[in-house]
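Please read through the structure below; I'll follow up with questions.
Read-outs throughout are calculated quantities, based only on the coordinates presented, and are distinct from any laboratory measurement. This structure is a prediction, so every number in the text was calculated from the model and none was measured. Note: ideal-geometry Cβ built from the backbone for every residue, glycine included; neighbour counts use all protein chains shown.
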Amino acid sequence: MPTTDEKKLTLDAVIVGAGFAGLYMLYRLRGLGLSAGVFEAGKGVGGTWYWNRYPGARCDVESMDYSYSFSDELQQEWRWTERYSAQPEILKYINHVADRFDLRRDITLETRVTSAVFDEAASRWTVRTDRGHDISAQFCIMATGCLSSTQEPKFERLESFTGKWYHTGRWPHEGVDFTGQRVGVIGTGSSAIQSIPIIAAQAKRLFVFQRTPNYSVPAHNAPLDPEYEKIVKANYAEFRRQARESRVGFVMEKNDASALEVAPDVRAREYETRWKRGGLGFSSTFNDILFNQAANQTAADFFGAKIRSIVRDPVVADTLTPKTYPLGTKRLCVDTNYYATFNRDNVTLVDLRKTPIERITPDGLRTSKQDYQLDSIVFAIGFDAMTGALLAVDIRGRGGRTLRDKWAEGPKTYLGLSMAGFPNLFTITGPGSPSVLSNMIVSIEQHADWIADCIDYLRTNGRRSIEAMADAENEWVQHVNDVGHMTLYPQANSWYMGANIPGKPRIFMPYIGGVGVYRQRCDEVTAKGYEGFTLA
Ligand code: NA7
């Protein structure tokens with residue numbers, strides 16, 4: 001515990017969170033000569049990659065893309081071992097970055113920021129933590145991540161369960177051995193889809209409780225091809241430039257053809273090629289998959305046929321086939337042996353649409369049809385995405401207005417970076433920015449750079465504060481919404497829409513205009529002397 005004196009701090013900036021965003025923000029602010037402190041709830045750095053240690057946790061963006069670009073020495077020297085990196089390797093990388101750039105001395109671990117209150121007279125933030133820190137800072141930067149606030153399991157009689165239960169987003173650090181156990185996994189999102197094949201291979205019996213099936217593309221993960229690594233490293237600057245200007249923060253092979261305009265055999269061949277290649281690029285097989293229902297249906301039909309070709313039991317195959325929302329409008333999953341796992345004798349799929357969970361029992365759970373005996377339950381039920389971690393902090397801006405109040409009907413931001421009424425508060429990859437629809441590291445670097453440049457500008461121009469104008473914010477919120485509704489995304493009950501959390505406002509939260517387009521917009525705002533902001 002810090003002593004009273006150590007707890008009372010005056011800093012130029014407080015950064016909340018020590019994941020990829022917090023670390024790079026600290027690096028940038030230090031470079032400007034600012035005093036900055038990072039406060040992090042975990043016992044280590046890494047954010048998402050610190051908490052999500054469930055079996056099979058892996059990034060769905062390829063390793064050569066999913067890494068920092070700010071240091072050429074770092075990107076040249078670091079060697080990824082696989083096409084898609086597993087969680088332990090990514091965590092090792094983040095720790096390497098923290099050491100390599102001597103970041104740890106400004107990071108306070110095991111400390112949760114509980115409130116941030118704006119003092120209008122002083123134009124400063126007072127930030128408090130659960131360990132009694134009382135920090136005065138000119139700037140407060142929320143680097144709290146989009147998928148960090150877990151959705152808590154709210155199943156009736158959970159407390160009566162005599163076995164052990166886990167949440168994929170808060171996995172025990174020592175790991176879990178399911179050998180000989182009867183295990184139930186609730187949920188079939190990305191976390192479940194990655195962990196199910198591994199748990200199935202270990203457990204005696206595995207019951208998968210599915211509410212909504214997901215579309216999952218094979219990863220075809222493999223050791224990183226040394227030739228590919230060599231080519232990328234020889235051209236890393238250009239590779240990164242293309243990523244920054246792309247739609248999603250990494251280069252996906254584009255196809256300007258419509259799925260509806262090509263002959264059926266050409267279409268089938270294209271889908272097959274993308275399936276064989278694996279990964280998130282599947283949803284760009286044609287240019288209208290995410291915009292046109294009929295085009296999307298051709299991809300969904302291809303998917304259904306694939307599932308039927310892998311899963312032997314036709315009833316199970318049918319249950320695993322999504323039918324209620326367009327492909328890609330819930331985040332596409334990337335897997336290793338997911339569908340084939342349902343051919344195992346020890347795996348049973350339970351369709352919760354037909355037989356919902358009634359309650360947890362002391363030795364398992366009960367659906368409307370039967371009791372299941374379980375030694376362990378894995379809740380793979382996701383996150384209060386994009387807004388959860390921000391609203392978990394009691395943030396109060398001008399006039400004492402809370403962020404919770406401001407966002408009561410859904411998040412409102414200017415560029416996903418800043419909010420009217422909350423001067424000198426920044427969000428890295430906040431709602432209204434490309435964030436979760438992009439390679440997060442590309443978006444994180446862009447935001448941290450924009451914020452650092454903005455702070456530098458304020459200081460060199462003798463300004464104390466910057467605040468989004470209400471009009472600019474309203475226009476941006478409208479634009480984010482308009483662009484979102486040009487696509488099929490709003491049709492799904494996804495966490496992009498806040499639909500996975502009971503009572504959360506239903507609104508499409510990320511900006512889908514594209515990483516390159518969005519960056520241009522941010523740069524224009526800067527070039528026009530921070531258009532849409534008030535500087536004081
Ligand atoms: P997701 O993608 O939100 O998946 C959560 C899953 O849990 C999903 O299948 C949900 O079904 C299911 N769920 C949630 N609540 C319940 C209840 N009460 N009962 C039964 N099933 C439930 O979270 P993940 O952790 O898998 O992945 C999050 C992101 O992390 C992922 O997109 C990647 O970007 C990385 P539903 O679809 O709501 O019917």
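Once you compute Rg and the Kirkwood Rh from C-alpha atoms, what is the Rg to Rh ratio for the range 149-252?
Ratio of gyration radius to Kirkwood radius: 1.12.
Please compute P(r) over all alpha-carbon pairs of the range 298-393, binned at 5 Å starting from zero, and give each bin as a whole-number percent.
Final binned percentages: 2, 10, 15, 18, 19, 17, 12, 6, 2, 0.
Let me ask something else about it. For the range 273-331, how big is the tail of P(r) above 18 Å, as a whole percent of Cα pairs?
Of all Cα-Cα pairs in the range 273-331, 34 percent lie more than 18 Å apart.
Taking the chain on its own, what percent of its Cα-Cα pair distances exceed 41 Å?
Cα-Cα pairs of the chain separated by over 41 Å account for 22 percent.
Taking 0.36 nm per intervening residue step and subtracting the Cα-Cα distance, what contour gain separates Ser136 from Asp256 on full extension?
Extra length available between Ser136 and Asp256 comes to 38.0 nm.
When Lys and Arg each count +1 and Asp and Glu each count -1, what net charge do the other residues less than 12 Å away from Arg244, Cβ to Cβ, add up to?
Value of the local net charge: -2.
Here's something else I'd like to know. Quote the Stokes-Einstein diffusion coefficient, in whole µm² s⁻¹, for the range 382-536, based on the Kirkwood radius over alpha carbon pairs, a temperature of 37 °C and a viscosity of 0.692 mPa s. Could the numbers behind the result be given before it?
Numbers: Rh = 15.8 Å.
The estimated diffusion coefficient comes to 207 µm²/s.
Could you list which residues have their amide H under 5 Å from that of Glu82, counting only those 5 or more apart in sequence or on another chain, with H placed in the peptide plane?
For Glu82, the qualifying residues are Leu224.
Please list, by residue number, every one of the GluC sites (Glu not before Pro) in the range 220-306 that is coil in DSSP and has at most 11 other beta-carbon atoms within 10 Å.
The qualifying sites are Glu253.
Something else: Would you please give the residues with an amide H less than 5 Å from that of Val38, counting only those at least 5 places away or on a separate chain, with H modeled from the backbone geometry?
Those qualifying (amide H under 5 Å, at least 5 residues apart or on another chain) are Ile15, Ile107, Thr108.
Let me ask something additional. Over the residues of the range 300-342, compute the C-alpha Rg and express it relative to 2.2 N^0.38 Å.
On the way: Rg = 10.2 Å, N = 43, 2.2 N^0.38 = 9.2 Å.
Computed over Cα atoms of the range 300-342, the ratio equals 1.12.
Suppose we keep just the alpha-carbon trace of the range 102-203; what are its Rg and Dmax in angstrom?
20.0, 63
³J(HN,Hα) across the range 283-290 via Karplus (A = 6.51, B = -1.76, C = 1.60, θ = phi - 60°), whole Hz, x for Gly/Pro?
Once rounded to whole Hz, the list reads 6, 9, 4, 10, 7, 10, 4, 8.
Only Cα pairs under 8 Å and at least 6 apart count here; give the relative contact order of the range 44-144 as a rounded whole percent.
On the way: 100 pairs, mean separation 20.6, N = 101.
After rounding, I find 20 percent.
Short version: ³J(HN,Hα) in whole Hz for each residue of the range 426-442, in order, from phi by Karplus 6.51 cos²θ - 1.76 cosθ + 1.60 (θ = phi - 60°), x for Gly and Pro, what are they?
10, 10, 8, 6, x, x, x, 10, x, 5, 5, 8, 9, 5, 4, 5, 4
At 7 Å along Cα-to-Cβ for each site, give me the label-to-label distance between Arg359 and Ser35 in nm.
Reported label-point gap for Arg359 and Ser35 is 5.6 nm.
Pairs of alpha-carbon atoms within less than 8 angstrom and 6+ residues apart define the contacts here; what relative contact order does the chain have, in percent? It would help to have the intermediate numbers written out before the result.
Working: 1094 pairs, mean separation 103.2, N = 536.
Relative CO of the chain lands at 19 percent.
While we're here: Anything over 18 Å Cα to Cα? Flag those among Lys276/Lys330; Lys406/Lys504; Lys412/Lys504; Lys323/Lys354; Lys43/Lys92; Lys164/Lys204, in the order listed. It would help to have the intermediate numbers written out before the result.
Working: Lys276/Lys330 21 Å; Lys406/Lys504 14 Å; Lys412/Lys504 14 Å; Lys323/Lys354 14 Å; Lys43/Lys92 14 Å; Lys164/Lys204 16 Å.
In this structure, Lys276/Lys330 lie more than 18 Å apart at Cα.
Separate question: Rounded to whole Hz and in sequence order, give me ³J(HN,Hα) for the range 219-224 from the Karplus expression 6.51 cos²θ - 1.76 cosθ + 1.60, θ = phi - 60°, writing x for Gly and Pro.
7, 6, 5, 6, x, 4
List the trypsin sites (Lys or Arg not before Pro) in the range 161-252 that DSSP assigns to loop (not H, G, I, E or B) and whose Cβ has at most 13 other Cβ atoms within 10 Å. Which are they?
Those that pass, being in a loop and sparsely packed, are Lys204.
Between Arg170 and Arg112, what length comes free when the chain is fully extended (0.36 nm per residue of separation minus the Cα-Cα distance, one decimal in nm)?
Details: separation 58, 0.36 × 58 = 20.88 nm, distance 1.57 nm.
Extra length from Arg170 to Arg112 when fully extended: 19.3 nm.
Given Cα positions, please report Rg to Rh for the range 220-372, the hydrodynamic radius being the Kirkwood one.
Rounded to two decimals, Rg/Rh equals 1.06.
Something else about it: Alpha carbon centre of the range 417-480 versus the range 263-316: separation in Å?
About 37 Å separates the Cα centre of the range 417-480 from the one of the range 263-316.
Work the Kirkwood hydrodynamic radius out for the range 140-179: mean of 1/r over every pair of different alpha-carbon atoms, inverted, in Å.
Hydrodynamic radius (Kirkwood, Cα pairs) of the range 140-179 is 13.1 Å.
In addition: Taking neighbour counts of Cβ atoms within 10 Å as a proxy for exposure, in what order, fewest first, do Thr144, Thr341, Thr460 appear?
Thr460, Thr341, Thr144
Using the Cα atoms of the range 193-254 to build a convex hull, what is its mean projected area in square nanometres?
So the mean shadow area of the Cα hull is 6.9 nm².
Continuing with this model, one more query. So what are the three principal axis dimensions of the range 237-325 from its Cα atoms, in whole Å, longest to shortest?
The principal-axis extents, from largest down, are 49, 26, 23 Å.
Another question about this same structure. D for the range 8-101, whole µm²/s, Stokes-Einstein with Kirkwood Rh over alpha-carbon pairs at 20 °C and 1.002 mPa s: what number?
151
Can I ask one more? I need to check one value: relative contact order of the range 376-482, counting alpha carbon pairs closer than 8 Å and at least 6 residues apart, in percent. Working shown, then result.
Numbers: 112 pairs, mean separation 28.2, N = 107.
Normalised by residue count, the contact order of the range 376-482 is 26 percent.
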